Amino acid sequence: MSTTASTRGDRTTPATTTQTVGGRTFVQTKPPRRGMLLTTLAWVVGVLFFFPVLWMVLVSFRAETDAASNPPVLFAPVSLEGYRTFFAAGPWPPLLNSMTASVVSTILVILLAFPAAYALSIRPVKKWTDVLFFFLSTKMLPIVAGILPIYLFAQATNLLDNIWLLIILYTSMNMPIAVWMLQSFLSEVPVEMLEAAQVDGAGLLTTLRQVVAPVVMPGIASAALICFIFSWNELLLARVLTSTVASTAPVFLTGFVTSQGLFLAKVCAASFVVSLPVLAAGFAAQDKLVQGLSMGAVK
Amino acid sequence: MSSSTDTSERGTAGPNPEQGRAGATPPPRRRQTRSDSWQRRIPLLPALIFVIVMTQLPFLGTIIISFMNWNAYYPDERGFAGFSNFARVFTDVNARSAVVVTILITVSTVLISLVLGLAIALLLDRKFRGQGIVRTMMIAPFLVVPVAAALLWKHALYNPEYGLFNGLLTLVLGEDAPQPDWVGSMPLPALVAALVWQWTPFMMLILLAGLQSRPLDVVEAARIDGASEFRIFTSMTLPHLRQYIELSTLLGTIYVVQNFDHVFTITAGATGTANLPYFIYQTFYTAQDYGRASAAGVVTVVGTLVVAMFALRTAFAIFKEEGR
């Protein structure tokens, strides 16, 4: 990495580097303009992708009359009108429901997935690959194909509009991802060290804490992050299975945008508030995000 | 995968005789392995049984209902329907359109995001000032809640009167700039664009991680031997990236096939944009036709299974290599 790093686009280094490798001298010329160009291009692309998010935040802090301007202005007087309207519409119960459903289901997922991943890696059952692929295959079963029986079951057992139903469903929705990820991390635990710890008379807890935990904690963190995000984002199940008491933030968001007239600042404020937990968690743990999204294949 | 070998066997092979918990003589050892294999299964069972109950049972229910005549608006007419629901699904113009729309949305979103994601990953895989900031900015679209992102695109960007896109057109072209109704005139591309915005960062993140795990000394050697950048890309970078490309395609497809939020929010399934999830949702939730919705669900799953067979095989290859 180090040799390429100096030649690649860093504006402060000279454009020409001379290296002697194996008796041959080779000169690498790279016009500084190309590096500058690529850097500029990267920045332009980054800003382009980020701009809608920035625009959402900017518009959310405007008065409705300023928000709906054509042509657009980058900076307008700050107004909290949108946020006031949003918080007056009673978003706290749905936000709390979302938080409960995401956090509790994530905890349940980890509690169930960890022993399962252990039985698929450190002390594997026979045909553990088949089991692993069974988990993955359930992820390919579209949720919508099972939603009607779940609805009818919930209706018959009075579980409609109950947050626990969502918690259980989100747990099963995220279980395959968590099992895959934790399996992939646990299979990196050095089994020899586990045995050595046992020989040395270390108890199960000590072994877990000193041998397993350092390897697996990052995996648990990534799995938890990704399970939290997917639960928080979920709309279809929540929309079909909840109505007033247990409705979640995404459902509230879809219902919030029915009014006529000027509502752009409101919509942006609401969208920003609902996205905030995911944005915060994702930015805070970018590397965990990559591990989680690739289900542990990237470490 | 090394851990698949029996730990108890490795235990007895060790220098310390007392460490092997599976005894030394053959008969008790066999008995031991049987109880041992149960011991191994126990931690797995809660998660496995839970997932089987939660995913396979509802689908079984869907199969049963798909053979029934069941509309919640006409509760008296409930009964066995044979294959009539399936016949209706296959002859229904909307259902067939939903299949086509699902394929169109999924293939175009995944392909475009993949190509863009790869290009951006290559751009970000160099040292430059602000590399971290650009990466963080790139991730942001993926971290906006899908419904919120769909609302943002529909109202703040696409709106013909005060959306950002038409506003920029006015800004650049003046007062008589064209002010297209983006969602109305091109609903599918509008949907795909919003989806690509969210999924490109996903692809980019996985591919960037792949690029950064590339053995650079080999690349450096090739460069010293005079290989062109293009040659290095096609014969070294791409083969190394193959498994990451396959992985991101597989995962992206799993999620985009099921997309409901964008269709629901941006077009509400209007003007030929209802995909299968939305079509089933509508048939069951709005039309209350449980039989037909279930038949459509079964068709979706069978279709998904065919694709999944190939996808799973690919996934298997990826993770086998990964698992060492």
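Taking every C-alpha pair closer than 8 Å and separated by at least 6 residues, the mean separation divided by the residue count of the range B:146-195 gives a relative contact order of 30 percent. State the Cα centre-to-centre distance between the range B:56-91 and the range B:233-299 in whole Å. Rounded to whole Å, the Cα centres lie 23 Å apart. Put simply, the amide H of B:N69, placed in the peptide plane, has neighbours under 5 Å in B:G79, B:F80, B:A81, leaving out anything fewer than 5 places away on its chain.
Using R0 = 56 Å, the C-beta based FRET efficiency linking B:S35 and A:S243 works out to 0.65.
Rg over Rh for the protein assembly as shown works out to 1.01, both radii taken from alpha-carbon positions and Rh defined as the Kirkwood radius.
Based on Cα contacts under 8 Å between residues 6+ apart, the range B:88-323 shows a relative contact order of 30 percent. In chain B the longest region clear of GluC sites (Glu not before Pro) that are loop-assigned by DSSP and have at most 16 other C-beta atoms within 10 Å covers B:1-160.
A Förster radius of 30 Å combined with the Cβ-Cβ distance from B:R129 to B:T234 puts the calculated FRET efficiency at roughly 0.55. Converting phi to 3J(HN,Hα) with the Karplus coefficients 6.51, -1.76 and 1.60 and the offset θ = phi - 60°, the range B:64-81 yields 4, 5, 5, 9, 10, 8, 8, 10, 4, 6, 10, x, 6, 8, 5, x, 6, 10 Hz in sequence order, with x at every glycine or proline. Using R₀ = 51 Å, calculate the FRET efficiency as 1/(1 + (r/R₀)^6) where r is the Cβ-Cβ separation of A:E188 and B:D176; round to 0.05. For A:E188 and B:D176, the calculated efficiency is 0.20.
The count of lysine pairs in chain A that are at least 8 places apart or cross chains, and whose C-alpha atoms lie under 24 Å apart, stands at 5. Shape analysis of the range A:86-293 based on the Cα gyration tensor places the equivalent ellipsoid semi-axes at 38, 20, 14 Å, largest first. Need one word for chain B: rounded, prolate or oblate. Basis is the Cα gyration tensor (sqrt eigenvalues a ≥ b ≥ c); a/c below 1.5 gives rounded, then a/b vs b/c decides. Oblate shape, in that a/c is at least 1.5 and b/c is the bigger or equal ratio.
Long hydrophobic helices in chain A, taken as whole DSSP H segments with a C-alpha length of 27 Å or more on their own axis and mean Kyte-Doolittle hydropathy at least -0.5: A:32-60, A:92-118, A:163-186, A:213-233, A:264-284. Peptides A:112-123, B:205-216, A:201-212 ranked from most to least packed give A:112-123, B:205-216, A:201-212, packing being the mean of other C-beta atoms within 10 angstrom over each peptide's residues.
In straight-distance terms, cross-link reach from B:K127 covers every one of the aspartates and glutamates whose alpha-carbon lies under 12 Å from its own, apart from those fewer than eight places away in the same chain; here that gives A:D10.
Per-residue shielding of A:174-183, expressed as the average number of other chain Cβ atoms within 10 Å of the residue Cβ, stands at 2. Positive end of the dipole of the protein assembly as shown (Cβ unit charges, origin at the Cα centre): among B:V307, A:A154, B:N85, the Cα lying farthest that way belongs to B:V307. The range A:278-299 and the range B:175-206 have their alpha-carbon centroids 25 Å apart. Only one residue of B:W153, B:A193, B:L118 has its Cα farthest out toward the positive end of the dipole of the range B:88-323, where Lys and Arg carry +1 and Asp and Glu -1 on Cβ, and that residue is B:L118. Note on the protein assembly as shown: with charges restricted to the Cβ of Lys and Arg (+1) and Asp and Glu (-1), its dipole about the Cα centre is near 1440 debye. Give me the percent of Cα-Cα pairs in the range A:125-177 that sit more than 12 Å apart, rounded to a whole number. Percentage above 12 Å: 71.
Annotation for B:A87 and B:R242: the two label points, set 7 Å from Cα along the Cα-Cβ direction, are 4.9 nm apart.
What's the average, rounded to a whole number, of partner chain beta-carbon atoms within 10 Å of each residue's beta-carbon in A:209-220?
Going residue by residue through A:209-220 and averaging, the value is 0.
Ordering of B:117-128, A:84-95, B:286-297 by packing is B:286-297, B:117-128, A:84-95, highest average first (other Cβ atoms within 10 Å, averaged per residue). Here the Kirkwood formula puts the hydrodynamic radius of the range B:127-180 at 13.1 Å, using every distinct Cα pair. Across chain A, the mean sequence separation of Cα contacts (distance under 8 Å, 6 or more residues apart), normalised by length, yields a relative contact order of 26 percent. Mean per-residue shielding of peptide A:247-257 is 3, counting Cβ atoms of other chains within 10 Å of each Cβ.
Taken together, the values in this text are just the output of simple stated rules run on the coordinates, not laboratory data. These numbers were taken from a predicted model, which means no experiment stands behind them. All Cβ positions, even for glycine, are placed from backbone atoms using ideal geometry, and neighbour counts span all protein chains on display.
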